[in-house]
Amino acid sequence: MEPKFKYFELKLLEPAFGSKLTDLIIELDYLRKKKLGGSTHPRTFFQLKEIFHILESIGSARIEGNRTTIAEYIEARLHDEGTTDEKIREIQNMEKAMDFIDENIRNYPINRMLVSELHKMVVAGLSPQREGDATPGEYRMQNVRIARSQHMPPDYTQVPHYMDELFEFIQKDTSPKYDLLKTALVHHRFVWIHPFRNGNGRAVRLFTYAMLVKQGFNIDVGRIVNPTAVFCNDRQKYYDYLGQADSGEEQGLLNWCEYVLGGLKEEIQKIDRLLNYPYLSKEILLPAIEFSLERKVITNIEAKILKVAVGEQIFQASHIRKILPDKIPAEISRILRRLKEKKMIVSEKENTRKYLMSFHNNYLLRGIIKALGENGFLPVKE
């Protein structure tokens, strides 16, 4: 069947009071306001956020056909002195854009300037013949087709009008109870418009992340979220629900919203498990150390110290003297200094001699990601 353009009005929906979608809106609004808690140290949890940024970036690129595996990307991080591999650069672009959102979105309005900036970041340094765009940040000046879709995006001459309408919809003063519903509807409408020649999928998933952080779903005051996982756990499911929404029928749009918000709830609940330090240490951190030791990328002494770090969560030299009684204090200090240099441990605070385990060592990072995968946290299937 030949794709066709079908216009329908962009408007808020009113799900039935007893519907699953209404229940999801209520539950997610509660999670948005709930402060971070649990027994995991905030600095440890912050490191996990960085890992999830990596996974989100890989997952978003994979939706668009980038087949780079997690292992390949982590290997590339070991030699990150300016890659020429466009598939790696595409993922790096996503990481940088997510960092930009985290650092700036609280003071950045949701408008055309933000969308243009995100699109520029998405396609930076990529060939227009592949995953780049000849006019970064500029609306398309030609008609396009969407792969795997029966929807024909609007004529390019109408893109500015529909995008202005989208921003008006976002900025319209409505009750906070509609925030998440708006986010789901905006994600679909963005794809429906397809404002750029290339990079629309990556841009819209970043835009969705920006809207969620703006609404309070972030590590500072709310929950850390992994929104791309909602879409890339099952790529075909993502396209199927987008297709239902393309009909413009209320039920199709409600189904799409339920799919998005149901996925967000699942991801938030998964992330909250990591706030339970006994779970995190047993299921993620200790297996990661064993994985690294088995592959001889860390020494026996390093493994012993890291296990102390996991057991204590916050440790100092006195803990190490108990497991290395034959070492003099100066030697233990040197060992700890080397572990810091190798990014296996990190100071709890500046100018203190208390430490936590660090995941910034790329070899340890492999083990962490493997353990996360075995416990159902990865948005990407290898």
Sole miss for Arg67 among (1) surrounded by 14 or more Cβ atoms within 10 Å (Cβ to Cβ); (2) under 18 Å from the mean Cα position of the chain (by Cα) is condition (1)
Counting only helices (runs of 4 or more DSSP H) wholly inside segment 267-354, the ones holding at least 3 residues that are free of Cβ contacts under 8 Å to residues at least 24 places away in the same chain are 300-312, 317-323, 329-341
| task | Can you confirm whether segment 151-163 contains a residue that is surrounded by fewer than 16 Cβ atoms within 10 Å (Cβ to Cβ), in a loop (DSSP other than H, G, I, E, B) and in contact (Cβ under 8 Å) with a residue 12 or more places away in the chain? | result | yes
Here the residues within segment 203-236 that are assigned to a loop (DSSP other than H, G, I, E, B) and modelled with pLDDT of 70 or more are Gln215, Gly216, Phe217, Asn233, Asp234
By residue number, the members of segment 39-50 that are in contact with a helix residue (DSSP H, G or I) (Cβ under 7 Å, 6 or more places away or on another chain) and surrounded by fewer than 17 Cβ atoms within 10 Å (Cβ to Cβ) are Ser39
Okay, helices (runs of 4 or more DSSP H) sitting entirely in segment 53-133 with 1 or more residues that are farther than 30 Å from Phe291 by Cα, I get 86-104, 112-123
Exercise for review: Would you confirm whether any residue within segment 269-278 is in the same structural domain as Gly38 (by TED's automatic domain parsing), under 30 Å from Cys232 (Cα atoms) and in contact with a Lys or Arg (Cβ under 6 Å, 6 or more places away or on another chain)?
Suggested key: no
Among Glu72, Glu103, Glu14, the single one that is without any contact (Cβ under 8 Å) to a residue 60 or more places away in the chain and not assigned by TED's automatic domain parsing to the domain that holds Ile146 is Glu14
Every listed condition ((1) surrounded by fewer than 16 Cβ atoms within 10 Å (Cβ to Cβ); (2) touching a helix residue (DSSP H, G or I) at 6+ places or on another chain (Cβ under 6 Å)) holds for Thr84 save (2)
Using the structure shown, decide if Lys177 is surrounded by fewer than 13 Cβ atoms within 10 Å (Cβ to Cβ), within 27 Å of the chain's Cα centre (by Cα) and either of a type in the set (Gly, Ala, Ser) or not in a loop (DSSP other than H, G, I, E, B) (or both).
-> yes
Just one listed residue, out of Asp29, Asp23, is assigned to a helix (DSSP H, G or I), over 21 Å from the mean Cα position of the chain (by Cα) and surrounded by fewer than 17 Cβ atoms within 10 Å (Cβ to Cβ), and it is Asp23
Counting only residues that are within 25 Å of Thr68 (Cα to Cα) and surrounded by fewer than 18 Cβ atoms within 10 Å (Cβ to Cβ), segment 125-144 contains a total of 6
Counting only residues in segment 350-382 that are of a type in the set (Phe, Trp, Tyr) and over 20 Å from Asp234 (Cβ atoms), the one modelled with the lowest pLDDT is identified as Tyr363
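The values are calculated or read from the model by the stated rules, or taken from the named source; none is laboratory data. All figures in this text were calculated on a predicted structure; none of them were measured in a lab. No Cβ is skipped: glycine too gets one built from the backbone with ideal geometry, and neighbour counts run over all protein chains shown.
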